[in-house]
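To keep things clear, I will list the structure first and then write my remarks on it.
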Amino acid sequence: MFSHVVIFWTDPANPNAADELLAGMEKYLRPIPGVLHFHAGKMASSHRPVVDQTYQVALNLVFPDKRTQDDYQAHPMHIEFVNNVFKKTCQKVVVYDFESR
């Protein structure tokens, strides 16, 4: 299994950025083949100081292997998402990829 976790910081000048980002994920990313698990949402608040609460949206995808994730990255719908949604709504992104056995 290959996990692809993406953390997004949206543009504070756009109060609808988080909702636009999530709608774009549904439109462009969810339909891409090869994803075993698709989970996206807004940051959940926590009283625990160890929990990062500086971001607005997170995406968690699970693929059967790294090759499938690489194909996902090159898929035309992923490129459309980056150009049509991500670049217009986000200021920063951090990606965590890891493999499990």
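The values are calculated or read from the model by the stated rules, or taken from the named source; none is laboratory data. Owing to the predicted nature of the structure, the values given are computational and were not obtained by experimental measurement. For neighbour counting, all protein chains shown are included, and Cβ atoms are generated from backbone atoms with ideal geometry for every residue, glycine included.
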Take region 44-73 and flag every residue that is more than 12 Å from the chain's Cα centre (by Cα) and under 19 Å from Ser3 (Cα atoms). Phe63, Pro64, Asp65, Lys66, Arg67, Thr68, Gln69, Asp70, Asp71, Tyr72
What are the residue pairs meeting all of these: first residue in region 1-15, first residue under 30 Å from Phe63 (Cβ atoms), second residue charged (D, E, K, R) and in a loop (DSSP other than H, G, I, E, B), Cβ atoms under 6 Å, and 6 or more apart or on different chains? Phe2/Asp65
Tell me whether region 46-58 contains one or more residues that are surrounded by fewer than 12 Cβ atoms within 10 Å (Cβ to Cβ) and in contact with a Phe, Trp or Tyr (Cβ under 9 Å, 6 or more places away or on another chain). yes
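This table checks each residue for (1) assigned to a strand (DSSP E or B); (2) at pLDDT 95 or above; (3) out of contact with any Ser or Thr (no Cβ under 9 Å at 6 or more places or on another chain).
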| position | (1), (2), (3) |
| --- | --- |
| Gly41 | yes, yes, yes |
| Thr54 | no, yes, yes |
| Asn60 | yes, yes, no |
| Lys87 | no, yes, yes |
Check Phe8 against each of (1) modelled with pLDDT under 95; (2) part of a strand (DSSP E or B) and name the one condition it does not meet. (1)
